[in-house]
Amino acid sequence: MIFKRRGVYALLFISALALTGCPGGDENTVQSGLVLHFAEVHGETLPGGVPLDATGVQNSAAVHGGYDQAQLEHHDIRDKNGRFLSLYRAYAVLDRLELIPCTSLTQLPRRVLDTLIGTAEAHAGHGTEPVGGRALDKPNVIDIVTQDGFILPLGDAAVAPGRYCGLRVSLVRLAGDAYGKPVFATASNDDPTTSPEVPDLAGRIFSIKADYCAEVDGVGECIRRVKVDADDDALNEPAVRTLDFDRPLEINADLREAYIAVGIAYGDWLQDVDITLLVSDIAERQKVLDNIAASLHIYSHGLGELPANIAQ
């Protein structure tokens, strides 16, 4: 009988905590003027990481079988065997950014806490505001083959005052329109191709157009390249990543503005991947998709406005 009473008291305590922690209470309702700025920043490595040495990857002349590497903007990344893949088109689709409130009930599993304590979601009508032509009411397509370290504003959201310890980010399969969605364009007929195809991202989470050196001559110069066209067709979706802050983010009546920049470390996309098998082996493509999800991280967060672009 004593055990049953204690169980009832515990349930009442957890229920009360859940109600005080959920958006909708007097202190946690979304309020006009409490603004969170969201952004994306991609780079080859995680913050503080050392970029790979791409010496010898560049070619002074176009190489048969690949793209016009000497003329086209691209990023070089490396697979598990040390072979370089040159990215000419690379896109990923982000959506459903959800703040995770802090809690003192660290002994409870996260899946239980997530059901008890609500999240502040910046997606589809949750007070999103456009910034620089983008907003959070639909997915955001990220073009990876652009300037590293550039802080890309994704939109602003009105949020509930509170103390937050993390963020959920979803990689989504594009079902309709999106901010930053590229316009499909066919590749040129040149050999090497001087204008790679701009992919149609409908129904896709990511898409990659790339090539790698498949053959070298006697002095180590690349003489033949192979194109790679990979996306997430028929793959299992990683769906959601939960990213922890290194320190809590608190927003209240006195601290009314904050920012979060989601990072993408594209240099990790080929971890444990053999690029020579990407086209033929679905398991290798699944690894790429899983690695894209794992490469998401909190690049930076803090109070105030988004910081100026560090790459300028």
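The values are calculated or read from the model by the stated rules, or taken from the named source; none is laboratory data. As the structure is a prediction and not an experimental result, all values here were calculated from the model. Cβ placement follows ideal geometry from the backbone for every residue including glycine, while neighbour counts extend to all protein chains displayed. Surface areas here come from the heavy atoms of the whole protein model, side chains and all, with no ligands, DNA or RNA. Shrake-Rupley method; radii C 1.70, N 1.55, O 1.52, S 1.80 Å.
Data overview
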item: Extreme residue, nearest to Ser188 (Cα to Cα), among residues of the stretch 50-81 that are at pLDDT below 70 and open to solvent by less than 40 Å² (accessible area, probe 1.4 Å); result: Asn59
item: Meets criteria (loosely packed, with under 13 Cβ neighbours inside 10 Å and in a strand (DSSP E or B)) for Asp211; result: no
item: Matching option when the condition is touching a Lys or Arg at 6+ places or on another chain (Cβ under 8 Å), at pLDDT 90 or above and assigned to a strand (DSSP E or B), among Leu94, Leu85; result: Leu85
item: Of all residues making up the stretch 237-253, the number that are in contact with a helix residue (DSSP H, G or I) (Cβ under 7 Å, 6 or more places away or on another chain) and in a strand (DSSP E or B); result: 1
item: Those residues of the stretch 255-299 which are open to solvent by less than 30 Å² (accessible area, probe 1.4 Å), in a strand (DSSP E or B) and at pLDDT below 95, in sequence order; result: Ala258
item: Residue that is farther than 23 Å from Val159 by Cβ and crowded, with 22+ Cβ neighbours inside 10 Å, where the choices are Ile223, Ile205; result: Ile205
item: Residue in the stretch 132-143 that is modelled with pLDDT under 95, aliphatic (A, V, I, L, M) and closer than 30 Å to Lys227 by Cα present; result: no
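Table: residues versus (1) in contact with a Leu (Cβ under 9 Å, 6 or more places away or on another chain); (2) exposed (fewer than 15 other Cβ atoms within 10 Å of the Cβ); (3) in contact (Cβ under 8 Å) with a residue 24 or more places away in the chain; (4) under 30 Å from Leu303 (Cβ atoms).
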{"residue": "Leu201", "(1), (2), (3), (4)": "yes, no, yes, no"}
{"residue": "Arg241", "(1), (2), (3), (4)": "yes, no, yes, yes"}
{"residue": "Asp246", "(1), (2), (3), (4)": "no, yes, yes, yes"}
{"residue": "Ala253", "(1), (2), (3), (4)": "yes, yes, yes, yes"}
